[in-house]
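Beneath this line is the structure, given in structure tokens, with notes to follow.
The values are calculated or read from the model by the stated rules, or taken from the named source; none is laboratory data. The structure presented is a predicted model; accordingly, all values stated were derived computationally and were not measured. Counting neighbours? That spans all protein chains shown, and the Cβs are built from the backbone with ideal geometry, glycine included. The protein model used for the area step is the full one, side chains on, heavy atoms only, and it has no ligands, DNA or RNA in it. Shrake-Rupley method; radii C 1.70, N 1.55, O 1.52, S 1.80 Å.
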Amino acid sequence: MKLLATESDHVEGEEPGCPPRLDFRGRLHDVREHRWLRGWKVAPEQWEPHVIDRPDKSDCMRGGSFRISRAISSLGESDFEAEFCHGVAMHLSGGSRVEMPPGILEAITASRSILELEDDWDDQGSPRYSETTWQRATDFLVRQADFARASLGRELPVPKILPGPQASIDLHWKLAGFELLVNIPSDAGQPTTFYGDDYRNSCIRGNLNPAEEIRGLVVWLLT
Amino acid sequence: MWSKEVIPDSSSVLLRVHKSLIPDAEVRPNVFRDQGGGMSVDWREYSTALETRNRGKIPTDNAVISLPAGGIRQIEGLEVQHDPVQENSFDQNGNPLRPNRAHAQVIGEKTTERRLKLSRIDWRWELRPGD
């Protein structure tokens, strides 16, 4: 498995009955705001609040530690490897392994550059992109990739994650046999729209809930 | 004062594309977007690609592609209309606009479906990123 934005992740000071303690290096931002930990939803408040201050402008941590939530430690896995969808990886000692397709992780990590665009970044008045929109877009992608792997035993093709119009985010799959565009709007109250076809007569279009597994869409992508 | 003319299907329009939209020099559906009432383009009849690029605030941050007017019109719900910017025109905020006889609009909401289809029509590079 390819680890992104990490160096020398390891566990220390693990005691029976206590949440494991991790040392890691990566992007602080990813850790603080990440709710998605490979199949377990982890509420932000479950993290220790003193996670570490940003040590420099590069957003990269030099090191630090935090307590992983009970939701994970109670799994009882003796060997567990987990990844945040932003690309930060952690290792606990011992046994089972959960992985994400490296291509999906890389696409998500690369797409963080969208958040660096300021208002009027194109000199035509386009607004900046919000963290919450990006989060919804990447959560949606991880959810579909998880479903593809867990339920269908297949890897979801890797899309491009792109700055869309009016602070929305596009997910674009362009493959030999089909093309699909999903648009995640900046306003969560607006519908997420999609359109795809096989370059011929077969097409799909409509609205979807990005917080759900869209089984039909995933199956269509894998067909 | 310039009159509004009919842009024939056989003609083409020029679209300025910011470099942030084409990091891998590939034109994808996110390039196509409305700014205000439509997607602003220049009719090639009255503009070169270089002139179109130079209308950007930072010209070198932009590439320029051309799109056939007929190809745009083949996408249901889209129309290409000549919309020259006359002398002494102002934007919504009251700022003066530079006159531009070539200015045109691609009218019709840029839905997900239409944006994907726009990315497929026979567009061509006129000025690539960095040119």
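Starting from the Cα of A:D119, step 7 Å along the direction of its Cβ; do the same at B:L50; then give the gap between the two resulting points in nm.
Those two pseudo-labels are separated by 3.6 nm.
Which sequence of A:D198, A:D122 reflects their accessible areas, 1.4 Å probe, from the largest down?
Listed by decreasing accessible area, they come as A:D198, A:D122.
For A:T192, list long-range residues whose amide hydrogen, built 1.01 Å from N in the peptide plane, is under 5 Å from its own amide hydrogen.
The list, which skips near neighbours in sequence, is A:L208.
In the stretch B:21-64, what residues drop by 50 Å² or more of accessible area when the other protein chains are put back, versus the chain on its own? Use 1.4 Å, and skip ligands and nucleic acids.
B:R28, B:N30, B:R33, B:Q35, B:K57
Ranked by accessible surface with a 1.4 Å probe, highest first, in what order do B:M1, B:M39 come?
The residues order as B:M1, B:M39, largest area first.
Show me, for the stretch B:120-127, the HN-Hα J-couplings you get by feeding each phi into the Karplus relation (A = 6.51, B = -1.76, C = 1.60, θ = phi - 60°), rounded to Hz, glycine and proline as x.
9, 5, 7, 7, 9, 5, 9, 9
Could you grab the relative contact order for chain B? Cα pairs under 8 Å, six or more apart, rounded to a whole percent.
About 35 percent, as a whole number.
Quick one: the Cα spread of the stretch A:138-223 along its three principal axes, in angstroms, biggest first?
33, 30, 20
Keeping the other protein chains in place, figure out the carbon and sulfur percent of the accessible area of the stretch A:105-223, with a 1.4 Å probe.
49
Looking at the stretch A:135-170, which residues lose a minimum of 20 Å² of accessible area between their chain alone and all protein chains in place, measuring with a 1.4 Å probe and not counting ligands or nucleic acids?
Buried by 20 Å² or more upon assembly, which counts only protein chains, are A:K160, A:L162, A:P163, A:P165, A:Q166, A:D170.
For the stretch A:171-193, list whatever residues lose no less than 10 Å² of accessible surface once every protein chain is in place, relative to that chain by itself, with the probe at 1.4 Å.
Checking the loss per residue gives A:H172, A:K174, A:E179, A:L181, A:N183, A:T193.
Which cross-chain or sequence-distant (5 or more) residues have an amide H under 5 Å from the amide H of A:G164, H modelled 1.01 Å from N in plane?
A:I169, A:D170
Given R₀ = 22 Å, what would the calculated FRET efficiency be for A:W220 paired with B:Q81, taking r from the Cβ atoms and rounding to 0.05?
That pair, A:W220 with B:Q81, gives E of 0.05.
For the modelled label position 7 Å from the Cα of B:T60 along Cα-to-Cβ, which residues of the stretch B:90-131 have backbone nitrogen atoms closer than 13 Å?
B:130-131
Across the stretch B:35-41, in residue order, what do the Karplus-derived ³J(HN,Hα) couplings come to in whole Hz, using 6.51 cos²θ - 1.76 cosθ + 1.60 with θ = phi - 60° and x for Gly and Pro?
Coupling constants for the stretch B:35-41: 10, x, x, x, 9, 6, 9 Hz.
Would you kindly work out the equivalent ellipsoid of chain B from its C-alpha gyration tensor and give its semi-axes, the square roots of five times the eigenvalues, largest first in whole Å?
They are 21, 18, 14 Å, listed from largest to smallest.
Any idea how far the Cα center of the stretch B:1-76 sits from the one of the stretch B:81-131, in Å?
Using only Cα atoms to place each centre, the spacing works out to 5 Å.
Using the Karplus curve 6.51 cos²θ - 1.76 cosθ + 1.60 with θ = phi - 60°, work out ³J(HN,Hα) for each residue of the stretch B:2-14 in order, rounded to whole Hz, and write x for Gly and Pro.
With the stated coefficients, the stretch B:2-14 comes to 8, 7, 7, 10, 8, 7, x, 4, 6, 8, 9, 10, 10 Hz.
In peptide A:117-125, how many Cβ atoms from other protein chains are near each Cβ within 10 Å, on average?
5
Between A and B, buried accessible area summed over both sides at probe 1.4 Å, in Å² to the nearest 100?
For chain A against chain B, roughly 2200 Å² becomes buried.
Would you check the accessible area of B:E87, probe 1.4 Å, heavy atoms only, in square angstrom rounded to 10?
Per-residue accessible area (B:E87): approximately 120 Å².
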